[in-house]
Amino acid sequence: MRQKLLLFFTTLVLFATACSTTTDDEISDESGREQLLQEILADPELGVSRGLAECFIDYVVDNSPLDFEQWNTLGEGYPVSAEALDGLSEEEMEDLISVVAIGVEDCGLFDEEYEDADGGDYSPPVVSGEFNFELLTEHPFDCLNQELDVFVNVFGIYVISHSSVPTEYVEHSANVLAEFMDNDADGVMDDPEVHRFLVENNFVVPVWTEALREEVFPSLRGTFCEDNLGWAASMYYGHDDWAFGGIKQAGTWDTNLEEIWHVISVGWYNTYPEYFGDRTGSRLADAMDAARGGRFQTVPNSYPEGAWYSYDDYTCDYSCQIHEYFYWILMANIDALDPAYTSKCADSKDEWYVCTKDELQQIDPLAYDLLNNQGFKLPTRIPSGSYRGPSGRETSPTVEEPAEEVAEQKCDASSDSDETGTEFQKGSKGVGDPYFPGLGNGGYDVDRYLIDVTWQPGDGYLDGWTTIEAKTTENLSSFNVDLNANMAVSEVIVNGEEACFIREGTEVTVVPATNLPVGSEFEARFAYAGFPGLVPAEYAPIAGGWYHEPFITEDNMVQRNNIMYVVGEPSSSMAWHPVNDHPRDRAQFRIEMTVDNGPNYVYFPDWEVVTNGYLISKEETTNTQNLPVTTWIYETRYPQAPYLTVLAYGPFTESDEEDLGDVTLRHWAQNADTLPGGSFAYAKETLGIDYGPMFEVFTDLFGPYLYDTYGYLALSDSLGFALETQTLSIFGYGTWTQPFIHVHELAHQWFGNYITVDNWSEIWLNEGFATYSEYLFEEAVAPDYDIFLEMRSLVTTGEAYGWFAILPGDPGPENLFAPAVYFRGALTLHALRMTIGDDAFFASVRKYVDDFGGKSVTTADFVQVVESVSGADLEDFFDSWLFGTPMPDLPCEGYSPCVQ
Ligand code: TRP
Ligand code: ZN
């Protein structure tokens, strides 16, 4: 005890001495306090956690015979210079010592519990035999058990979590932690001193949510935990990236690699301050200074040219910069940033662009030398979430491995030429959409998707094959498909030959064994598996993808209301099958889906798989455990943009068919217990959702309906939207009850589905037409309806809400579905009609459908049709309506009352 106290005091004095050489006389109280704190924390012999140090500093500052101001100003240094101490009278000195002593005591340094926790009895963990991590319900510190109830003791470092977080996440983090501590899996800590530091300071790795954190922190206040735990970083479930099975297998990034390393790093800074200290002067700091092109205390306005580490977060001070740098160099050194595995490196290029160990050696020799040649045992393998203890047994997750065998070939996708001298090129990773450059792919055109998958609703696991039948439009040495990164691809076969492939985010680059000449048909088969989810937010201004909560909850309850559905615009298909995910490439779909409840047996015999197209067959068989499984096969008859595929599984009831002449109507609704009695009749008779008049009006105005069936799929969930999925529009409960939304989605079958947008910046051609069609329908069926008045009041409403500031002709990806796209789009059409007159307007619309049905269009195509029909020069008109600010006034000649 005396020892500790002396240490504290010595530290203070030493600190003061160190600081007396500082020239910075403008140090604020706050940053001075922080410096003192860092100084205390950095002394490994003190072994003091941050909470304790903070408590101590506060106490001493409040009670010392020198007030804090004085500390700050005495002598040159901060908080107290050597001279200042010298200058203290003996009495003052004694006072100071006793204040320090009381501070030490009050802040809990000598608490029994702390003494124990402080690990005077530290001993290295013994890891042997069948090693396994247990999920514990209690932590040895009671104060942590108030709000948290799931813990994993990983060699004395605890992952702390809560039962609301799915266990596979907790287990994954625990495994990554173990793999970082014992990277060679020999059962011995790679660096026992770093380990000792982390254990003695009770470092924890929280796996939680922000909401949980907000519960936990206040609950620790005033408790033993407040001062005696080590915190550095945490993992956020639902927000951070998790790569189950590891980044190589998942093809996606794993934030655990960053956050857990941040925790372990604290052990390195403190154990080897000369090498890894997080302040100027350490080898790590020197390497960072070189990487940033200078020694910057704070983030410079811009980094010198040639800097390869250029983190520009102004709130991140010098130490924090070192923390991030240490993480980047370690990741490069273990090849975790290799673009063959994830797009992490490319995505981070503004901050760091050294992606591999080889590049690190070339570009950052100081870091390379520190990590590899100084005798430290740092991790060399990428943690994958499956620590194999010394016995070699996997301790990993209950999560099924997404694929049996994962091809990990790196393959060469470079351009190349054959004997005849023909050049073969890499197909591009996007079709060139200005808003969503990653959507779709270049160099080929899909004819048909043959999707054959088995899905287990119990846990949500999907696996199977998708075959793409396509034709090349270029000489290809490689081509890409889009697929969510969490779907693991195990095999790709092109024209019967094994192909190699590379994953990078949602891109799969396939390098066939044989080049594909322009104009040739080819067949690419993909074996893949995983737990489908949503597509990355960058492809979905409104969330989209595969929606499903597993049937079986963690406590083995069966959730009978967990239906599944796939919906999303501009992208959703890549959530569950390889695809050329862009409306420019329409194709036929054959979907063969088997629902197998697998080991978590829950069978709902009356649930249905519903998708676009025709039901070819529905067959009940049994799986390997002799339990019933059902297979549905559907086929489309019309080419369809991938985002217009709907797929759903739930307690859906089919309506009777209704014959409208050329079209057969048939709807689906989730069990009528949630929808009002006899939902189909209710929709038609009570709500007035009558497709007869809708088809009449639209075929009259736009020309024949191009498909032979139509219907809606009504879910009980209130999705908040409907989507014009081809021949079977999907509605949430709230939208299904609104007749005008049925009108809107039906109009999309012409505008959006039959005519598709050439790229997503043309979205007004979908939404403007579908919205104006709502008004055209009312005009046609309601005798007293004055469309001019309606459009005027739309202007007033939109202006009141400020909708029209966004330009429908170029709303930007984030405003793809902004009201301006719908309403200013509709107003554009109405203004056009008033400018060129009804005859020319409706003739133009008919011709537009005739000429561009089955094709993809741009605004220029539409303008050209209208100009050719009307003979008018409309360049300025469209410019001002689609791209001008402010929005023009509606013309009103010939219409009354015109209230302008
Ligand atoms: N196109 C849909 C409509 O206006 C709306 C929509 C946009 C949407 N993005 C979506 C629906 C994503 C579902 C999912 O009818
Ligand atoms: Zn719409």
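The values are calculated or read from the model by the stated rules, or taken from the named source; none is laboratory data. Because the structure is predicted, anything quoted here is derived from the model rather than measured. Backbone-built Cβ (ideal geometry, glycine too); neighbour counts: all protein chains shown. Just so you know, the surface numbers come from the protein's heavy atoms only, side chains and all, with ligands and any DNA or RNA stripped out. Shrake-Rupley method; radii C 1.70, N 1.55, O 1.52, S 1.80 Å.
Looking only at the range 720-738, residues that are buried (at least 17 other Cβ atoms within 10 Å of the Cβ), away from ligand 2 (no atom under 13 Å from the Cβ) and over 21 Å from P583 (Cβ atoms) come to 4 in all.
The rows are residues; the columns are (1) within 16 Å of ligand 1 (Cβ to nearest atom); (2) closer than 26 Å to Q726 by Cα; (3) at pLDDT 95 or above.
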{"position": "L516", "(1), (2), (3)": "no, no, yes"}
{"position": "R525", "(1), (2), (3)": "no, yes, yes"}
{"position": "F551", "(1), (2), (3)": "no, no, no"}
{"position": "Q559", "(1), (2), (3)": "no, no, no"}
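Under the condition of being assigned to a loop (DSSP other than H, G, I, E, B) and more than 11 Å from ligand 1 (Cβ to nearest atom), which residue from the range 735-781 is farthest from G798 (Cα to Cα)? Selected residue: Y754. Take the conditions part of a loop (DSSP other than H, G, I, E, B) and either under 27 Å from the mean Cα position of the chain (by Cα) or over 22 Å from Q640 (Cα atoms) (or both) and apply them to I689. Does it pass? Here the answer is yes, as I689 does meet what is asked.
Of all the criteria given as (1) surrounded by 19 or more Cβ atoms within 10 Å (Cβ to Cβ); (2) in contact with a Leu (Cβ under 9 Å, 6 or more places away or on another chain); (3) not basic (K, R), the one not satisfied by G853 is (1).
Check whether at least one residue in the range 165-187 is open to solvent by 10 Å² or more (accessible area, probe 1.4 Å), of a type in the set (D, E, K, R), more than 15 Å from H139 (Cα to Cα) and over 29 Å from the mean Cα position of the chain (by Cα), and report yes or no. Yes, the conditions are met somewhere in the range 165-187. The listed residues are H323, H262, and the only one of them that is in a helix (DSSP H, G or I), modelled with pLDDT of 90 or more, open to solvent by 40 Å² or more (accessible area, probe 1.4 Å) and on the phi < 0 side of the Ramachandran plot turns out to be H323. Residues in the range 191-233 that are part of a loop (DSSP other than H, G, I, E, B), closer than 17 Å to L257 by Cβ and open to solvent by less than 20 Å² (accessible area, probe 1.4 Å): A233 only.
With respect to W253, determine if the residue is touching a helix residue (DSSP H, G or I) at 6+ places or on another chain (Cβ under 7 Å) and either farther than 23 Å from F276 by Cβ or open to solvent by 20 Å² or more (accessible area, probe 1.4 Å) (or both). The answer is yes for W253.
Of all the numbered requirements in (1) free of Cβ contacts under 8 Å to residues at least 12 places away in the same chain; (2) within 15 Å of ligand 1 (Cβ to nearest atom), E685 misses one, and that requirement is (2).
Report yes if some residue within the range 704-725 is in a helix (DSSP H, G or I), in contact (Cβ under 8 Å) with a residue 12 or more places away in the chain, out of contact with any Cys (no Cβ under 9 Å at 6 or more places or on another chain) and more than 11 Å from ligand 1 (Cβ to nearest atom); otherwise report no. Checked the range 704-725: no residue is in a helix (DSSP H, G or I), in contact (Cβ under 8 Å) with a residue 12 or more places away in the chain, out of contact with any Cys (no Cβ under 9 Å at 6 or more places or on another chain) and more than 11 Å from ligand 1 (Cβ to nearest atom). The set of residues from the range 835-845 being open to solvent by 10 Å² or more (accessible area, probe 1.4 Å) and either under 19 Å from E767 (Cβ atoms) or not hydrophobic (A, V, I, L, M, F, W, C) (or both) comprises T835, G837, D838, D839.
For the range 802-816, the criterion of being under 22 Å from Q738 (Cβ atoms) and either modelled with pLDDT of 95 or more or of a type in the set (V, I, T) (or both) is met by at least one residue.
Suppose we filter the range 784-834 for residues that are within 15 Å of ligand 2 (Cβ to nearest atom), surrounded by fewer than 22 Cβ atoms within 10 Å (Cβ to Cβ) and among the aromatic types (F, W, Y); how many remain? Selection size over the range 784-834: 1. Can you say whether T699 is open to solvent by less than 20 Å² (accessible area, probe 1.4 Å), of a type outside the set (D, E, K, R), more than 13 Å from ligand 2 (Cβ to nearest atom) and out of contact with any helix residue (DSSP H, G or I) (no Cβ under 7 Å at 6 or more places or on another chain), as far as the supplied structure shows? No, not satisfied.
Looking across D445, D452, one residue alone is touching an Asp or Glu at 6+ places or on another chain (Cβ under 7 Å), closer than 19 Å to P570 by Cα, in a strand (DSSP E or B) and open to solvent by 10 Å² or more (accessible area, probe 1.4 Å). It is D445.
Which ones in the range 844-858 are in contact (Cβ under 8 Å) with a residue 60 or more places away in the chain and closer than 16 Å to T699 by Cβ?
Passing the criteria: V845, R846, Y848, V849, D850, G853.
Out of curiosity, is V663 within 24 Å of D851 (Cβ to Cβ), modelled with pLDDT of 95 or more and more than 16 Å from ligand 1 (Cβ to nearest atom)? So V663 passes the test. Only residues that are more than 29 Å from the chain's Cα centre (by Cα) and either of a type in the set (D, E, K, R) or at pLDDT below 95 (or both) were counted in the range 591-626, giving 18. Checking each residue in the range 418-433 for being open to solvent by 60 Å² or more (accessible area, probe 1.4 Å) and either part of a strand (DSSP E or B) or more than 19 Å from S343 (Cα to Cα) (or both) picks out E419, T420, E423, Q425, K426. Every condition in (1) within 25 Å of F436 (Cβ to Cβ); (2) in contact with a strand residue (DSSP E or B) (Cβ under 8 Å, 6 or more places away or on another chain); (3) aromatic (F, W, Y) is met by W736 except one, and the failing one is (1).
Taking every residue in the range 810-838 that is within 16 Å of T797 (Cβ to Cβ) and outside any loop (DSSP other than H, G, I, E, B) and pairing it with any residue that is within 14 Å of ligand 1 (Cβ to nearest atom) and open to solvent by 40 Å² or more (accessible area, probe 1.4 Å), at least 6 positions away or on another chain, the pairs with Cβ-Cβ distances below 9 Å are V821/N815.
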